[in-house]
Amino acid sequence: EYMALTELKIKNAKTNEDQSKIRLTDGKGLSLMVYKNGSKKWEYRYQFSGKTCLMTLGDYPLLSLQDARIKRDKLKLQILDGINPKEELQQKQKEKEQEEEKNKITFKFVALAWCQSKLKWSEPHRAKVIRTFENYLFPIFGDKQIECFETRELLVPIKKIELEGKTELASRLGQRIK
């Protein structure tokens, strides 16, 4: 038999001198780990496919007792649906990281990396090339993912520059993006 936790019990919870951490149980798999340094973390223990699993839910007081219980109940529903919440979370985090990684590789990222790789360029020349990209290409293509790119798309702003009578600049830009 357990006694459900209260905010007061949680606030006053401390480890003894000889303990590095203590576990306060709220019930239905929810417990609060209290560490010697004073930090407190919510944990959820559950059974899935005959295995005991442990999941950290968040820090107290950032995650309140009430919110921790709500989170536990939502996770319980996932388990009833045959979903392992910890694996589900790891999969979502992996997908998010892959998406973020994909989004980092933009035209601007590649163009700036290319400029930095030109070791024989003087700094003033490098700055001039980057400024040209910033003025003419980044506003249009800077945030576009490189994998979604058609080289012919780059010809549009170069044609526009050419039509403005800046043929030398258009020619240089054309050479740099090839």
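The values are calculated or read from the model by the stated rules, or taken from the named source; none is laboratory data. Since we're looking at a predicted model, the values are computed, not measured. Positions of Cβ are backbone-derived with ideal geometry, glycine not excepted, and every protein chain shown enters the neighbour counts. Protein only, heavy atoms only, side chains kept; ligands, DNA and RNA dropped before computing areas. Shrake-Rupley method; radii C 1.70, N 1.55, O 1.52, S 1.80 Å.
Exactly one condition in (1) in contact with a Ser or Thr (Cβ under 7 Å, 6 or more places away or on another chain); (2) open to solvent by less than 90 Å² (accessible area, probe 1.4 Å) is not met by D143; state its number.
For D143, the exception is condition (2).
Restricting attention to region 60-96, which residues are over 26 Å from T6 (Cα atoms), under 23 Å from the mean Cα position of the chain (by Cα) and open to solvent by 70 Å² or more (accessible area, probe 1.4 Å)?
If the condition is that a residue be over 26 Å from T6 (Cα atoms), under 23 Å from the mean Cα position of the chain (by Cα) and open to solvent by 70 Å² or more (accessible area, probe 1.4 Å), then K86, E87, L89, Q90, Q91, K92, Q93, K94, E95, K96 are the ones that fit.
Assess whether V156 counts as being aliphatic (A, V, I, L, M) and either touching a residue at least 24 places away in the same chain (Cβ under 8 Å) or touching a Gly at 6+ places or on another chain (Cβ under 8 Å) (or both).
Here the answer is no, as V156 does not meet what is asked.
Which pairs turn up if I take residues in region 126-139 that are basic (K, R) and look for partners that are surrounded by 14 or more Cβ atoms within 10 Å (Cβ to Cβ) with beta carbon separation below 6 Å, at least 6 apart in sequence or on another chain?
Note: pairs meeting the criteria are R126/C115.
Given the conditions (1) exposed (fewer than 14 other Cβ atoms within 10 Å of the Cβ); (2) closer than 30 Å to F141 by Cβ; (3) within 24 Å of the chain's Cα centre (by Cα), report the number of the one that W114 does not fulfil.
So the condition that W114 fails would be (3).
Is there a residue being open to solvent by less than 90 Å² (accessible area, probe 1.4 Å), in a helix (DSSP H, G or I), farther than 30 Å from R176 by Cβ and not polar (S, T, N, Q) anywhere in region 102-109?
No, the conditions are met nowhere in region 102-109.
Looking only at region 146-178, filter to residues that are of a type outside the set (D, E, K, R) and within 28 Å of the chain's Cα centre (by Cα); which one of those is surrounded by the fewest Cβ atoms within 10 Å (Cβ to Cβ)?
C148
Given the criteria touching a helix residue (DSSP H, G or I) at 6+ places or on another chain (Cβ under 7 Å) and either under 30 Å from I177 (Cβ atoms) or not in a loop (DSSP other than H, G, I, E, B) (or both), does I70 qualify?
The answer is no for I70.
When you look at T106, is it among the β-branched types (V, I, T) and under 19 Å from K166 (Cβ atoms), yes or no?
no
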